[in-house]
Amino acid sequence: MKYFLIAGERSGDLHGSFLINYLKKLDPEAEIVGWGGDYMKKAGGTILKHYRELAIMGFWEVIKNLRTLARLQKECKNSILEFNPDAVVFIDYPGFNLRIAAFTRAKGFTNFYYISPKVWAWNQKRAYKLKRLIDRLFCILPFEVEFFKKYGFEVSYVGNPLKEAIRSYDFDEQFLGAWAGKKVIAVLPGSRAQEVANVVEMLKQIVPAKPDFHFLVAAVDNLPDSAYEALKHSGGNVELVYNKTYEILKLAEAAIVTSGTATLEAALLKAPQVVIYRTSGISYALAKRLIKVPFISLVNLIANKEVVRELIQDEMSPDNVLKELNAIVSDSSGYRKAMLQGYDLVDSIIGDQNAPEQAAREMVSFLKQKKA
């Protein structure tokens, strides 16, 4: 069967690659084409457009790039029509994917959504839109099942794909050995230029304040080296590390993590963290009016309580981040211990299902029944 996958960012590309592996295993004749990145390409997918061309974040930023997005949507629609897949598989990235899903629904394609859009966070009535457009929705957060039930939409909880990503990861033991015994603070600034620019600017003040620690920054190769240029002048205790995010989290006494999938990765790898996030003033003002949940990090959302501190917008200051790092590292009041106990709770709530395998199995079964 033929599958067209769409992932619009780095994490979606990673999860899409695991999904491709299992689709090929369960459907040996599978043809897989789509929009994604290097992970999906390595897994055997034919990538027509790299996600780096889709990385536009924030309400105001989207408005400024409407013409570009319209062009990309048209190009994507044409690619789908040309390939004529048995199913279109959307992976997160809802702003773009839901527009394409409306098109593919109108054209009669089967629509799967792997990693549900976070409609529970804002504009919750979009759940009705998902119910109308999507044949099967595969959720990776346990609380999403009950949320969608309120809208009469039966969805599948397949587990969280990060469990499989970590289980199957081949840690670089040489790298771990080289840093063993050293005091490490991991920095995960994100994969988008705007996110990285905000974190790099902040680190210029934080790094010199903790000269006894090594700051290992998880750099991404979809951004130019110039994105990290300012860190070279922060001090001798900061180092860019490519393609070793899990290693630096495993080594870290503390971590500075931009809100997103990485917060849950840090929790599952037991790296005590402070979560940060800053966007443009206009985007933040709009988000503040719309967001319907009490937290932004996946860790806190899954636990349904504050496990990690979130420093958002103006609270994301060098002083506040330093204060949080010091509390984690010193652990004089059991702060670190309580956070790690919170991580154990999150881990147990998620469960041990193999998400990409379960999702692929249900996709293949659905299509076979449809063809029967």
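Leu14: part of a helix (DSSP H, G or I), within 21 Å of Ile115 (Cα to Cα), modelled with pLDDT under 95 and within 19 Å of the chain's Cα centre (by Cα), yes or no?
Working: part of a helix (DSSP H, G or I): yes; within 21 Å of Ile115 (Cα to Cα): yes; modelled with pLDDT under 95: yes; within 19 Å of the chain's Cα centre (by Cα): yes.
Spelling it out, Leu14 is indeed part of a helix (DSSP H, G or I), within 21 Å of Ile115 (Cα to Cα), modelled with pLDDT under 95 and within 19 Å of the chain's Cα centre (by Cα).
Here's the yes/no breakdown for (1) open to solvent by 40 Å² or more (accessible area, probe 1.4 Å); (2) assigned to a helix (DSSP H, G or I); (3) in contact with a strand residue (DSSP E or B) (Cβ under 9 Å, 6 or more places away or on another chain); (4) of a type in the set (A, V, I, L, M, F, W, C):
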site: Ser333; (1), (2), (3), (4): yes, no, no, no
site: Leu345; (1), (2), (3), (4): yes, yes, no, yes
site: Asp352; (1), (2), (3), (4): yes, no, no, no
site: Arg361; (1), (2), (3), (4): yes, yes, no, no
site: Lys370; (1), (2), (3), (4): yes, yes, yes, no
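For Phe138, all conditions in the list (1) in contact with a helix residue (DSSP H, G or I) (Cβ under 7 Å, 6 or more places away or on another chain); (2) open to solvent by 30 Å² or more (accessible area, probe 1.4 Å) hold save one; what is the number of the exception?
Tallying (1) in contact with a helix residue (DSSP H, G or I) (Cβ under 7 Å, 6 or more places away or on another chain); (2) open to solvent by 30 Å² or more (accessible area, probe 1.4 Å), Phe138 fails exactly one: (2).
Of (1) open to solvent by 20 Å² or more (accessible area, probe 1.4 Å); (2) modelled with pLDDT under 85; (3) not acidic (Asp, Glu), Ser283 satisfies all except one. Which?
Checking Ser283 against (1) open to solvent by 20 Å² or more (accessible area, probe 1.4 Å); (2) modelled with pLDDT under 85; (3) not acidic (Asp, Glu), the one that fails is (1).
Could you identify the single residue in Leu345, Leu311 that is out of contact with any Gly (no Cβ under 9 Å at 6 or more places or on another chain), at pLDDT 95 or above and under 14 Å from Val275 (Cβ atoms)?
Selected residue: Leu311, the only one of Leu345, Leu311 that is out of contact with any Gly (no Cβ under 9 Å at 6 or more places or on another chain), at pLDDT 95 or above and under 14 Å from Val275 (Cβ atoms).
Do the conditions hold for Leu14, that is, is it open to solvent by 30 Å² or more (accessible area, probe 1.4 Å), under 22 Å from Glu164 (Cα atoms) and aliphatic (A, V, I, L, M)?
Yes, satisfied.
Here's the yes/no breakdown for (1) in a helix (DSSP H, G or I); (2) open to solvent by 10 Å² or more (accessible area, probe 1.4 Å); (3) polar (S, T, N, Q); (4) closer than 15 Å to Ser79 by Cα:
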| position | (1), (2), (3), (4) |
| --- | --- |
| Phe90 | no, no, no, yes |
| Gly95 | yes, yes, no, no |
| Ala102 | yes, yes, no, no |
| Pro117 | no, no, no, no |
| Trp120 | no, yes, no, no |
| Arg132 | yes, yes, no, no |
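List the number of the failed condition for Leu231; all other conditions in (1) open to solvent by 30 Å² or more (accessible area, probe 1.4 Å); (2) assigned to a helix (DSSP H, G or I); (3) under 22 Å from Ser317 (Cα atoms); (4) touching a residue at least 12 places away in the same chain (Cβ under 8 Å) hold.
With respect to (1) open to solvent by 30 Å² or more (accessible area, probe 1.4 Å); (2) assigned to a helix (DSSP H, G or I); (3) under 22 Å from Ser317 (Cα atoms); (4) touching a residue at least 12 places away in the same chain (Cβ under 8 Å), Leu231 is out only on (1).
Which of the residues spanning segment 151-174 are of a type outside the set (Ser, Thr, Tyr), over 19 Å from the mean Cα position of the chain (by Cα) and open to solvent by less than 30 Å² (accessible area, probe 1.4 Å)?
Phe153, Val155
If Ala193 satisfies every condition in (1) aliphatic (A, V, I, L, M); (2) at pLDDT 90 or above; (3) within 16 Å of the chain's Cα centre (by Cα) but one, which is the exception?
Result: Ala193 fails condition (2) only.
Looking only at segment 253-271, how many residues end up being assigned to a loop (DSSP other than H, G, I, E, B), open to solvent by 10 Å² or more (accessible area, probe 1.4 Å) and not basic (Lys, Arg)?
4
Given the conditions (1) under 16 Å from Ala180 (Cα atoms); (2) open to solvent by 10 Å² or more (accessible area, probe 1.4 Å), and given that Asn243 satisfies all but one, which numbered condition is not satisfied?
(1)
Matching residues to (1) in a helix (DSSP H, G or I); (2) surrounded by 20 or more Cβ atoms within 10 Å (Cβ to Cβ):
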| residue | (1), (2) |
| --- | --- |
| Arg99 | yes, no |
| Gly177 | yes, no |
| Lys182 | no, no |
| Ile185 | no, yes |
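So is Leu81 within 21 Å of the chain's Cα centre (by Cα), over 30 Å from Asp347 (Cβ atoms) and not in a loop (DSSP other than H, G, I, E, B) or not?
Considered against the rule, which asks whether it is within 21 Å of the chain's Cα centre (by Cα), over 30 Å from Asp347 (Cβ atoms) and not in a loop (DSSP other than H, G, I, E, B), Leu81 comes out as no.
Using beta carbons and a limit of 9 Å, which pairs, at least six apart or on different chains, have the first residue in segment 129-150 and within 20 Å of Thr261 (Cα to Cα) and touching a residue at least 24 places away in the same chain (Cβ under 8 Å) and the second one open to solvent by 60 Å² or more (accessible area, probe 1.4 Å) and assigned to a loop (DSSP other than H, G, I, E, B)?
Qualifying pairs under 9 Å: Leu137/Glu154; Leu141/Lys118; Phe143/Asn304; Glu144/Lys118.
The values are calculated or read from the model by the stated rules, or taken from the named source; none is laboratory data. Since the model is a prediction, treat every value here as computed from it, not as a measurement. Please note: Cβ atoms are built from the backbone with ideal geometry, for glycine as well, and neighbour counts cover all protein chains shown. Please note that ligands, DNA and RNA were not included when accessible areas were found on the heavy atoms of the full protein model with its side chains. Shrake-Rupley method; radii C 1.70, N 1.55, O 1.52, S 1.80 Å.
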